[in-house]
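See below for the structure under consideration.
Just so you know, all these numbers are worked out from the coordinates, no wet-lab data involved. This one's a predicted model, so the numbers in the text were calculated from it and none came from an experiment. All Cβ positions, glycine included, derive from the backbone under ideal geometry; neighbour counts span all protein chains shown.
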């Protein structure tokens with residue numbers, strides 16, 4: 001049976017979107033099948049695969065699978081892409097919480113729930129100060145930990161472009177101190193309203209953009225008093241505007257785009 005898909009991206013962070021709201025998928029979407037579809041040589045290719053399904057208490061439910069087939073709680077860039085697809089203000093239910101999307105000039109705005117800052121909500125393997133973790137991996141030391149629907153460790157460095165993320169990213173991602181693994185962010189503060197950022201995304205690797213990484217990094221910098229409550233985070237794929245609202249939630253705004261549409265034979269993958 002053939003299944004339609006959309007290929008979308010947010011700042012180069014790219015997605016396969018399967019819209020199963022009206023017509024259910026012909027079978028179970030396993031991690032093996034998701035990884036096969038995400039393979040850039042033998043599949044369609046993507047950083048994340050997104051499945052939209054009906055929801056009783058929201059516009060739709062969004063499930064997210066990383067490139068390695070692991071299902072994850074949230075993806076900020078994917079949420080903007082889905083917001084673009086929906087076309088009107090929407091509520092999207094995810095494993096990481098409810099997300100609100102709104103079309104705005106130049107893209108989509110996403111309202112995330114308040115960040116989790118407790119050590120056991122990150123989660124970490126044992127109790128420690130999440131604002132100044134007494135840990136280090138070579139040149140990367142004393143990160144901030146933030147959960148914005150998924151776990152992030154943020155390191156503030158003089159020049160994020162000089163950090164060997166291909167070596168340090170997987171080491172930190174799989175360190176036992178992070179029982180659910182972790183997204184690794186290296187950030188450079190440019191000014192009170194500007195941050196440069198690179199992200200090693202768990203289950204994906206080095207990515208051109210990570211919406212939740214931009215949110216977590218902004219929150220970490222704000223908690224340390226390094227930046228204002230509204231900042232522009234510049235990733236390799238482009239900028240995102242992040243605001244920590246008075247009510248505690250996070251607003252992320254930036255572009256999203258549809259690349260192309262197609263179909264595939266369900267039984268050919270996984």
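Sort 181, 202 so that the residue with the fewest other Cβ atoms within 10 Å of its own Cβ comes first and the one with the most comes last.
Working: 181 17, 202 24.
If I rank by nearby Cβ atoms, fewest first, I get 181, 202.
Given R₀ = 25 Å, FRET efficiency for residue 71-residue 263 by Cβ-Cβ distance, to 0.05? All intermediate terms of the calculation are to be shown ahead of the outcome.
Values: r = 23 Å, r/R0 = 0.93.
Calculated transfer efficiency: 0.60.
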Separation in nanometres of the label points that stand 7 Å from Cα toward Cβ, at residue 104 and residue 174: 3.8
For the residue pair residue 57 and residue 88, what label-to-label distance in nm results when each label sits 7 Å from Cα along the Cα-to-beta-carbon direction? 2.2
Please work out the Cα center distance from segment 201-253 to segment 10-58, rounded to the nearest Å. 25
Backbone N under 19 Å from the residue 194 label point (7 Å along Cα→Cβ), restricted to segment 146-182: 156-162
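First obtain the Kirkwood hydrodynamic radius of segment 119-248 from its Cα pairs, then insert it into the Stokes-Einstein equation at 20 °C and 1.002 mPa s, and state the resulting D in µm² per second as a whole number.
Roughly 150 µm²/s, to the nearest whole number.
Antiparallel DSSP bridges in segment 113-242: what percent, to the nearest 5?
Numbers: 22 of 30 bridges.
Taking every DSSP beta bridge with both residues in segment 113-242, the antiparallel ones total about 75 percent.
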In whole percents, the bins of 10 Å from zero upward hold the Cα-Cα pairs of segment 2-103 as 16, 53, 28, 3
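Using the per-residue mean of other Cβ atoms lying within 10 Å as a proxy for protection, in what order, highest first, do the peptides 4-10, 187-193 fall?
4-10, 187-193
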Using Cα atoms only, what is the angle between the long axis of helix 76-86 and the major principal axis of the chain, expressed in degrees (0 to 90) to the nearest 10? 40
Residue 125 paired with residue 206, simple spin-label distance in nm, labels 7 Å along Cα-to-beta-carbon: 2.7
How tilted is helix 211-223 with respect to the longest principal axis of the chain? Cα atoms for both, answer in degrees (0 to 90, nearest 10). 20
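Just want the ordering: 104, 82, from fewest to most Cβ atoms lying within 10 Å of their own Cβ.
Numbers: 104 12, 82 30.
In increasing order of surrounding Cβ atoms, one gets 104, 82.
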